[in-house]
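Engineer: Dropping a structure here in structure tokens format, bear with me for questions.
The values are calculated or read from the model by the stated rules, or taken from the named source; none is laboratory data. Computed from a prediction, not measured in an experiment: that's the story for all the values here. Positions of Cβ are generated from backbone atoms using ideal geometry, with glycine treated the same way; all protein chains shown enter the neighbour counts. When the accessible area is computed, the model is the full protein with side chains, heavy atoms only, and any ligands, DNA or RNA have been set aside. Shrake-Rupley method; radii C 1.70, N 1.55, O 1.52, S 1.80 Å.
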Amino acid sequence: SLSTDGPAMHLATQRLILRPWRDSDAADLYEYARDPRVGPIAGWPPHASVEESADIIRTVFNRPEVYALQSRENGRAIGCVGILIGADSNFSLGEREGEIAYWIGVPYWGRGLVPEAVREVMRHAFLDLQLDALWCGYFADNLQSMSAQSKCGFRHHHAEVNQFNRFLADYRTEHISRITAREWQAQQTVPLPK
């Protein structure tokens, strides 16, 4: 199994490079994360300055399995996806389970980029990190997130009603979905013999 110490590795999809965040991404991060349509539906406040974005890169995003979504089109960091494993998760998970968290800038909504990134991170989580299950949450009014999760094979597991969100000081319902390694394996298409 791979070491989870040190910086995240690089992963790639057709349209994205998933790589560790860099200090030089702060301006891009701020541009997308300051938009009030992005953070609050994911449970965090819009960024107030490039300095705040730089600080978040150095602290929140500075973990082994947190990736910048770099557009192959323009080379910019346009979103984020991460696997929060075990105690790092917002849920009570065992050490062989992870929570997938993600967001993407508004100009990139509706293009299927989140499912593309999440599918690659799922492959990495199950094949490289050998996790047993992955969890994902979305708040009740976040239909885009619900759709992305179901496209990736997650199934609704339970809802947590009236959860206090310390970042925005409000109460909300979170729907939590899950996929096990076995379910994921069963969904992978088996190539036909040539």
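Engineer: Among the residues of the stretch 157-171, are any touching a Phe, Trp or Tyr at 6+ places or on another chain (Cβ under 6 Å) and at pLDDT 95 or above?
Structural biologist: No.
Engineer: Of all the residues that make up the stretch 120-156, how many are of a type in the set (A, V, I, L, M, F, W, C) and modelled with pLDDT under 90?
Structural biologist: Looking only at that region, the number is 5.
Engineer: When you scan the stretch 96-194 for strands (runs of 3 or more DSSP E) that lie fully inside it, which ones turn up with 2 or more residues that are open to solvent by less than 80 Å² (accessible area, probe 1.4 Å) and either among the hydroxyl-bearing types (Ser, Thr, Tyr) or touching a residue at least 24 places away in the same chain (Cβ under 8 Å) (or both)?
Structural biologist: Working: elements: 97-104, 133-139, 155-165, 170-180.
So the answer is 97-104, 133-139, 170-180.
Engineer: In the stretch 25-42, which residues are out of contact with any Ser or Thr (no Cβ under 6 Å at 6 or more places or on another chain) and either more than 27 Å from residue 162 (Cα to Cα) or part of a loop (DSSP other than H, G, I, E, B) (or both)?
Structural biologist: 25, 27, 28, 31, 32, 34, 35, 36, 37, 38
Engineer: Any residue at all in the stretch 19-31 that is open to solvent by 20 Å² or more (accessible area, probe 1.4 Å) and touching a Leu at 6+ places or on another chain (Cβ under 9 Å)?
Structural biologist: Yes, that holds for at least one residue.
Engineer: Mind listing whichever residues of the stretch 70-82 are in contact with a Lys or Arg (Cβ under 9 Å, 6 or more places away or on another chain) and open to solvent by less than 40 Å² (accessible area, probe 1.4 Å)?
Structural biologist: Correct list: 70, 71, 77, 82.
Engineer: Does the stretch 69-89 contain any residue that is under 19 Å from residue 168 (Cα atoms) and within 15 Å of the chain's Cα centre (by Cα)? It would help to see each step written out before you state the result.
Structural biologist: We begin by selecting, within the stretch 69-89, every residue under 19 Å from residue 168 (Cα atoms); these are 89.
Checking the rest, the ones that are also within 15 Å of the chain's Cα centre (by Cα) come to 89.
Checking the stretch 69-89: at least one residue is under 19 Å from residue 168 (Cα atoms) and within 15 Å of the chain's Cα centre (by Cα).
Engineer: Can you tell me which residue in the stretch 1-18 is modelled with the highest pLDDT, limited to those that are open to solvent by 40 Å² or more (accessible area, probe 1.4 Å), small (Gly, Ala, Ser) and part of a loop (DSSP other than H, G, I, E, B)?
Structural biologist: Filtering first and then ranking leaves 6.
Engineer: Can you say whether residue 45 is open to solvent by 30 Å² or more (accessible area, probe 1.4 Å), in contact with a Phe, Trp or Tyr (Cβ under 9 Å, 6 or more places away or on another chain), in a loop (DSSP other than H, G, I, E, B) and more than 29 Å from residue 132 (Cβ to Cβ), as far as the supplied structure shows?
Structural biologist: It is true that residue 45 is open to solvent by 30 Å² or more (accessible area, probe 1.4 Å), in contact with a Phe, Trp or Tyr (Cβ under 9 Å, 6 or more places away or on another chain), in a loop (DSSP other than H, G, I, E, B) and more than 29 Å from residue 132 (Cβ to Cβ).
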